[in-house]
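> What follows is a single structure, and I will ask about it in a moment.
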Number of protein chains: 2
Amino acid sequence: MTSSMAPGTRQPTIKEVAASAGVSPMTVSRTLAGGVNVRPDLQAKVLAAVKELGYFRNENARSLRPGQASGLIGVAITNLGNPYYGNFALGVEEVAAKHGKRIVLGNTGEDCGREAQLVADFIGRQVEGLVVVPSGGAAEHLRADRLGDTPIVLASRQVAGLDVDTVLLDDVGGAYQGTLSLLESGHTRIGFLGNVPSVSTGQRRYIGYEKALAERGISPDARLIQRDQQDVEAARSAMERLLDLPDAPTAIFSANNRNTIGALKEIGRRIRSGAGATGFPAIVSFDSFELSEMMPVPVTVIDSDARQLGREAAELLFARLQAADSHGPSRMIELPVTVSMADR
Amino acid sequence: MTSSMAPGTRQPTIKEVAASAGVSPMTVSRTLAGGVNVRPDLQAKVLAAVKELGYFRNENARSLRPGQASGLIGVAITNLGNPYYGNFALGVEEVAAKHGKRIVLGNTGEDCGREAQLVADFIGRQVEGLVVVPSGGAAEHLRADRLGDTPIVLASRQVAGLDVDTVLLDDVGGAYQGTLSLLESGHTRIGFLGNVPSVSTGQRRYIGYEKALAERGISPDARLIQRDQQDVEAARSAMERLLDLPDAPTAIFSANNRNTIGALKEIGRRIRSGAGATGFPAIVSFDSFELSEMMPVPVTVIDSDARQLGREAAELLFARLQAADSHGPSRMIELPVTVSMADR
DNA sequence: GTCGGTATTGGTAACGTTACCATACCTGTG
DNA sequence: CACAGGTATGGTAACGTTACCAATACCGAC
């Protein structure tokens, strides 16, 4: 039974456990470390005292000792509310757990300043490595030599001029294939909804789109290109502008999840206000989303496995952590994407 | 310029910074703490050395000092891949940031053992408080006296016999209202898709459903009740069973997000295999989901603000942290939900 | 009975940091 | 010019833990 004390009650320390068990702190430490060379009866006493006092080892103090690792991997993602990144984090966690490490997760909200803060804090907490989905602004704070030799892996997006391990999707190829499928269906006016070019996925997916158009001798029409939307509502409004053009596009290439949802919301709005369910542009969406098969217009999905992306990023990090030469040349992996055609 | 050393390169310490700047560690510490009573020229030297060496304060060592708080709040959620919990975590983070704290996020995967492990680790890392969405199994490890006086707030779900601060949704009321709306439309055979009763939301939402039925003198039909689905595929298959009943339900009350998606997927499957879009049960869904307005069958949504849930949980925690009497009686908050009728 | 070896236990120091105290300096006042 | 009162700086100890070493107890072998 714990004595119920004033608010300021502290965690018990190993000394208190030792006193309560009638042994030295070292015996407690050894017992908790597995009990080698500790008499079973003392182990029992120690464990009883631990339970009685509700003792937990102070991991901060533990990781202070020389040579002791903190057991933490810092993970910074841009938007926790986006299930894509949630699943990404799950992939990182899965691999980290396999190596006996825990992840510390932080959200940058696409804000470069918060990202810098977060990374600094991670390092201050002695993480053994970092997995970061960069927000896309200036990235001085991600340079390897500014991180005190903490290894870092970038995921999903790359940063120009930053020579570190990176895992990307096949953005260019996926966008190219998706756009091509629209061209092959006879579309020639294809709208583009996407991210700002300063974010590498925004840039790379645009390149794939443009490449497919170029092969058919079509030069991009600036009025069909909307690249400034960060959230669903902005995407919806961009879609509204495209649909209101005198010569509206007959198909849309949407470069991500948020844009696709926004575009579909605008279509839904028009359907509910009386327009029939026909005459809307076909949609190709980079990134899948739940219930895409239930949409009133055909949606072709360029899908990737967020969890796998997280796994690969983590594997890259652990490879570097275990490498004899942790300063070896940086590696870059591109994960394939799958294109699931709308079946109508 | 950092000397590029062998893999084992360590973070620089305050002593090294001090040596490099030609001052004592105390002057470095004071400078980093805001610079009171430090000559400007020395501050400049220190800051230059910090930058030069890429020094970050060791937060673990810092929090070891007596009276120093770790600045961390531990947050345990059940499923990172579910955007509901992602947004929940964002709400917690928002309030934590307001108080100058950071969150450490962990995923339990609805696994009670992992939850216990996670909480123990949080405490070992000296978090100042915990926000937990309990997984629903045994919860010995969440008892306040097992947590070394670290305050805890439960969110979304309560745990029987656990007398701690809790934030819930108005599960009973929402389920009652949603079910009532179906009854008022004339439905009498209403299926139930939900969580296992050991999870409090599963239990409470079932109670609301049953209460509405009882008011109309309808006793629940066991064949219409499916309460074992944890993921989308299981939910789809449960929906399949309901639809295949000889006297299939004319409406479905789905007690959460995952079940609603599964149910809709089954409907989609049938529509695509040739059935018309009519003759399917009306759906009421506890929890909203993106694009619910685009579904081929009307979906009434019982919506709650996940982010607000996170905010309220965090506020409860900080109230307790700042209270003079941190052992005061536990509080319970129920957040309202809104019912958005399908508009057809 | 003595010796080498092993099993068990405890003491000490060190990890990186900062609160506290002591010291040295500086400025203005009587 | 002495002295009070402030400002600036450094030394020391302590936070909780465990690696390392020292000490003790015990065992079997000679």
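The values are calculated or read from the model by the stated rules, or taken from the named source; none is laboratory data. Just so we're clear, the structure is a prediction, and the values are computed from it rather than from any experiment. Note that each Cβ is placed from the backbone with ideal geometry, even for glycine, and that neighbours are counted across all protein chains shown. What goes into the accessible areas is simple: the full protein's heavy atoms, side chains included, and nothing from ligands, DNA or RNA. Shrake-Rupley method; radii C 1.70, N 1.55, O 1.52, S 1.80 Å.
> Against the longest principal axis of chain B, how steep is helix B:40-53, in degrees 0 to 90 to the nearest 10, with axes from Cα atoms?
60
> To the nearest 100 Å², how much accessible surface do chains B and A hide from each other in total, with a 1.4 Å probe?
Buried area between the two chains comes out at roughly 5800 Å².
> Anything losing 20 Å² or more of accessible area from the isolated chain to the full protein assembly: pick those residues out of segment A:132-170, probe 1.4 Å, ligands and DNA/RNA ignored.
Relative to the lone chain, where solvent access is computed with a 1.4 Å probe, segment A:132-170 loses at least 20 Å² at A:ASP145, A:ARG146, A:GLY148, A:ASP149.
> Mind checking the angle between helix B:171-184 and chain B's longest principal axis? C-alpha axes, 0 to 90 degrees, to the nearest 10.
With both axes taken from Cα atoms, the answer is about 30 degrees.
> On to the next question. Compute the distance in nm between two label points, each set 7 Å from the Cα along the Cα-to-Cβ direction, one at A:ALA319 and one at B:ASP303.
Placing both labels 7 Å along Cα→Cβ, they lie 4.5 nm apart.
> Quote the FRET efficiency, to the nearest 0.05, computed for A:VAL196 versus B:ARG65 with a Förster distance R0 of 45 Å and r equal to the Cβ-Cβ distance.
Result of the calculation: an efficiency of 0.55.
> On to the next question. What net charge is computed for the residues neighbouring B:GLY106, neighbours being all others with C-beta under 14 Å from the C-beta of B:GLY106, Lys and Arg scored +1, Asp and Glu -1?
Residues near B:GLY106 contribute -3 overall.
> Taking the 0 to 90 degree range and rounding to the nearest ten, how far is the long axis of helix B:112-124 tilted relative to the main principal axis of chain B, both from C-alpha atoms?
The answer is roughly 20 degrees.
> Can you list, shortest first and in nm, the gaps between the label point of A:ALA97 and those of its counterparts in the other copies, using a point 7 Å from Cα in the C-beta direction?
2.8
> Evaluate the distance, in nm, between pseudo-label points positioned 7 Å from the Cα of A:ARG39 and of B:ARG10 along their respective Cα→Cβ axes.
3.7
> Can you list the copy-to-copy distances for A:GLN230, using a point 7 angstrom from Cα toward Cβ, in nanometres, shortest first?
Label-point distances to the other copies, shortest first: 3.7 nm.
> A follow-up question, please. How far is it, in nm, from the label point at A:LEU162 to the one at A:VAL339 when both lie 7 Å from their Cα along the line to the Cβ?
3.0
> I'm a student and want to see the number: the projected area of the Cα convex hull of chain A, averaged over all directions, in nm².
Computing the convex hull of the Cα atoms and averaging its projections yields 23.9 nm².
> Separate question: Considering only protein heavy atoms, what per residue accessible area in square angstrom results for segment A:156-214 with a 1.4 angstrom probe?
Per residue, segment A:156-214 has 32 Å² of solvent-accessible surface.
> Within segment B:279-300, find all residues whose amide N lies under 19 Å from a label point positioned 7 Å from the Cα of A:GLU240 along Cα-to-beta-carbon.
Output list for this probe position: B:291-294.
> Report relative contact order for segment B:68-117 in percent, whole number only (criteria: Cα-Cα under 8 Å, sequence separation at least 6).
Over segment B:68-117, the number comes to 49 percent.
> Okay, moving on. Please count, across chain B, the pairs of lysine residues with Cα atoms under 30 Å apart that sit 8 or more places apart or on different chains.
Going through chain B pair by pair, I get 7.
> OK, next. I'd like the carbon and sulfur percentage of the solvent accessible area for the protein assembly as shown, probe radius 1.4 Å, heavy atoms only, ligands and nucleic acids excluded.
Of the solvent-accessible surface of the protein assembly as shown, carbon and sulfur hold 52 percent.
> Please work out, to two decimal places, the log10 of the ratio I(q)/I(0) at q = 0.06, 0.08, 0.09 Å⁻¹ from a Debye calculation in which every Cα of the protein assembly as shown carries one identical scatterer.
-0.40, -0.71, -0.88
> Under the √(5λ) rule applied to the eigenvalues of the Cα gyration tensor, what semi-axes describe the equivalent ellipsoid of segment B:226-343? Give them in Å, descending.
38, 15, 11
> Name the residues of segment B:158-190 whose amide N is less than 20 Å from a point 7 angstrom out from the Cα of B:MET332 along the C-beta direction?
The answer is B:158-177, whose backbone nitrogens lie closer than 20 Å to the label point.
> In addition: What whole number of Å gives the distance from the Cα centroid of segment A:108-128 to the Cα centroid of segment B:142-181?
First find each Cα centre; the distance between them is then 32 Å.
> If you wrap a convex hull around the alpha carbons of segment A:132-290, what volume per residue comes out, as a whole number of Å³?
120
> Short version: which residues of segment B:83-110 lose at least 20 Å² of accessible area, all chains versus chain alone, 1.4 Å probe?
B:PRO83, B:GLY86, B:LEU90, B:GLU93, B:ARG102, B:ILE103, B:VAL104, B:LEU105, B:ASN107
> What percent do you get for the relative contact order of chain B when only Cα pairs under 8 Å and 6+ apart count?
16
> Using Stokes-Einstein with the Kirkwood hydrodynamic radius over Cα pairs, what translational diffusion coefficient do you get for segment B:14-57 at 4 °C and a viscosity of 1.567 mPa s, in µm²/s rounded to a whole number?
Answer from the Stokes-Einstein relation: 133 µm²/s.
> Which distances, in nm and shortest first, link the B:MET26 label point to the same label point in every other copy, taking 7 Å along Cα→Cβ?
Ordered by increasing distance: 3.4 nm.
> For a quick check: with amide H placed at 1.01 Å from N, whose amide H comes under 5 Å from B:LEU80's, ignoring anything fewer than 5 positions away on the same chain?
Amide H neighbours of B:LEU80, under 5 Å, 5+ apart: B:GLY109.
> Starting at the first residue of segment A:303-314, write each ³J(HN,Hα) from the Karplus equation 6.51 cos²θ - 1.76 cosθ + 1.60 with θ = phi - 60°, in whole Hz, x for Gly and Pro.
With coefficients 6.51, -1.76 and 1.60, one gets 9, 9, 9, 4, 5, 5, 4, x, 4, 5, 4, 5 Hz.
> Can you work out ³J(HN,Hα) from phi for every residue in segment A:248-254, in order, using Karplus 6.51 cos²θ - 1.76 cosθ + 1.60 and θ = phi - 60°, giving whole Hz and x for Gly and Pro?
These are the phi-based 3J(HN,Hα) values: 5, x, 9, 8, 10, 9, 9 Hz.
> Related question: Does any residue of segment A:42-71 lose at least 40 Å² of accessible area with all protein chains in place compared with its chain alone, and if so which ones (probe 1.4 Å)?
Residues of segment A:42-71 that lose at least 40 Å² of accessible area once the other chains are added: A:PHE56, A:ASN58, A:GLU59, A:ASN60, A:LEU64.
> Hey, could you get me the Stokes-Einstein D for segment B:80-205, Kirkwood radius over alpha-carbon pairs, 4 °C and 1.567 mPa s, rounded to whole µm² s⁻¹?
For the chosen part, D equals 80 µm²/s.
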